[in-house]
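I have placed the structure first, in the form of structure tokens, so that the comments after it can refer back to it.
The values are calculated or read from the model by the stated rules, or taken from the named source; none is laboratory data. Please read these numbers as outputs of a predicted model, since none were measured by experiment. Virtual Cβ from ideal backbone geometry, glycine too; neighbours counted across all protein chains shown. These accessible areas exclude ligands, DNA and RNA; they are computed on the full protein's heavy atoms, side chains included. Shrake-Rupley method; radii C 1.70, N 1.55, O 1.52, S 1.80 Å.
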Amino acid sequence: MLAAVRPKNAFEVALENFDIAAGYLDLDHDVREMIKYPERVLTVTVPVRMENGHVRRFEGFRVQHSTVRGPAKGGIRYHPNVTLEEVKALAAWMTWKCAVVNIPFGGGKGGVTCNPKEMSRNELEHMTRRYASAILPLIGPEQDIPAPDVYTNSQTMAWIMDTYSMTKGYPIPGVVTGKPVCLGGSLGRNEATGRGVFYTIQSACDHLHMQLKGATVVVQGFGNAGSVAAHLLDTAQCLVIAVSDSTGCIHNKEGLDIPKLMMHKEKTGRVAGFPGSEAISASELLALSCDILVPAALENTVVEENAPYVKAKIIAEAANGPLTPEADAILEAKGVFIIPDILCNAGGVTVSYFEWVQDLQHLFWETQEIYNRLERVMRTSFHDVVKIRADRSVSMRAAANMLGVGRVAEAVKLRGLYP
Ligand code: NAD
């Protein structure tokens, strides 16, 4: 009997994408050996006294994939499905992403396997502080700079900044980005990922000679990245006809009222039950007729089984790794224009870089300056990727990986092999 084929985990997918890009770049064996795998991997135990008086142990990770081009940079995720392999993949994607937008960072990522929805604020604070002290030897403004990711936010960053600063004995805001503005956070950081997604969609429409105004949009995952992208697309007179979150999917073919939906989500914690919308299933959402699909939830939501039904002309990967390689191949073959994650969602890390620069200088910029700089970075990076795609006749994903991997390879060749 044939054994069932185990689906590839996120890190295996990341390695596969690396090999494809390295092949196109004709990278030699020695360079591949130096940049493919994580530089440092830390697993920590995070004991927390819960509200019931008992201690519960959580497992946490921090991975530094690369510090070739600068300090490691990447978010911290709190989710029940966090695994070391997932964190390694996310850290690798951060390396290539920072290189694609040409900011002087390497790549890192962290996570704690937990369900923050079932934890009190006190429990979350204690877990965050204990996790921060456990990874403290690795992090620092010149070493490795965490930021928010799924189910972490500016409050989480404030606790990490405080824990780190109290241990060192003086305030060090540059140890994290995505902080509250009053603690050295940057204006525009909260909406940076969604805004960057929006700029890449605008660039894609320009490139494809497609009208953005009047385009129909479906957003999977109405969280930080997804809701901001939806809001900006709505402002640009697109019709956002369906959105979802972990509690359900809603649809209105005339277009959802996004500002009202954001208030509804803020008040009730879910998109389901929004007045004037009908509930649909997750597979119906992906199969809707639309111009632009924005997957903004988690990895592997578009898979071999549902990809054939996707009708969008553009897929803007706000989430990291939302398409499995099988789904990617199906959609490429159908001629869908895919804006790959390491380009599409790089707005978050780009404004994180602006925040870090402002913290180091103790000099803060106006919102409009942040938006202008972000738009410039996103549009330039989009055109850099499109150029490689055209010159080398490769997919957008391969082109983005070639740009990212190529820049890291160039840097490592110049630095050489220590000792
Ligand atoms: P978030 O926690 O704010 O939002 C995630 C949303 O996805 C939530 O609304 C959740 O309910 C929803 N969701 C979860 N599972 C779902 C499912 N199966 N179907 C539909 N919706 C589901 O997180 P975020 O920061 O917006 O991150 C979303 C994605 O964007 C992640 O892949 C993350 O790595 C990526 N990303 C985020 C940033 C950032 O700055 N926040 C930057 C780059 C990439």
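The alpha carbon centroids of region 334-400 and region 1-41 are separated by 24 Å. Ordered by solvent-accessible area of protein heavy atoms (1.4 Å probe), largest first, the residues His29, His264 come out as His29, His264. Computed in the context of the full set of protein chains, the accessible area of the chain at 1.4 Å probe radius has 53% of its extent on carbon or sulfur.
In terms of the Cα gyration tensor, with a ≥ b ≥ c the square roots of its eigenvalues, is region 161-250 rounded because a/c is under 1.5, prolate because a/b exceeds b/c, or oblate? In terms of gyration-tensor shape, prolate.
Just checking the listed ones, Leu360, Leu232, Leu183: in the Gaussian network model of the chain with Cα springs under 10 Å, the one fluctuating most is Leu360. Residues Arg389, Arg379, Arg6, sorted by accessible area with the largest first, give Arg6, Arg389, Arg379 [1.4 Å probe; ligands and nucleic acids excluded]. Summing charges over all other residues whose Cβ lies under 13 Å from the Cβ of Asp206, with Lys and Arg as +1 and Asp and Glu as -1, gives +1. Listed by chain and number, the aspartates and glutamates whose C-alpha is less than 16 Å from the C-alpha of Lys36, apart from same-chain residues fewer than 8 away, are Glu12, Glu16, Asp19, Asp26, Asp28, Glu85, Glu86, Glu410. Heavy-atom accessible area for Asp26, with the other protein chains in place and a 1.4 Å probe, reaches approximately 130 Å². Alpha-carbon geometry of region 37-172: the Rg and the Dmax are 14.4, 48 Å, given in that order. Expressed as a fraction of 2.2 N^0.38 Å, the C-alpha radius of gyration for region 103-196 is 1.06. Which of Lys8/Lys179; Lys97/Lys387; Lys88/Lys313 have a Cα-Cα distance over 23 Å? Listed pairs above 23 Å: Lys8/Lys179; Lys88/Lys313.
Its Cα gyration tensor gives the chain an equivalent ellipsoid. The semi-axes, each the square root of 5 times an eigenvalue, are 30, 27, 22 Å from largest down. Take the Cα radius of gyration of region 320-419 and divide it by 2.2 N^0.38 Å, N being the number of residues; the result is 1.32.
Taking a ≥ b ≥ c as the square roots of the Cα gyration tensor eigenvalues, with a/c under 1.5 meaning rounded and otherwise prolate when a/b beats b/c, else oblate, which class fits region 1-103? Taking the square roots of the gyration eigenvalues as a ≥ b ≥ c, region 1-103 is oblate. Using C-alpha pairs below 8 Å separated by at least 6 residues, the relative contact order for the chain is 17 percent.
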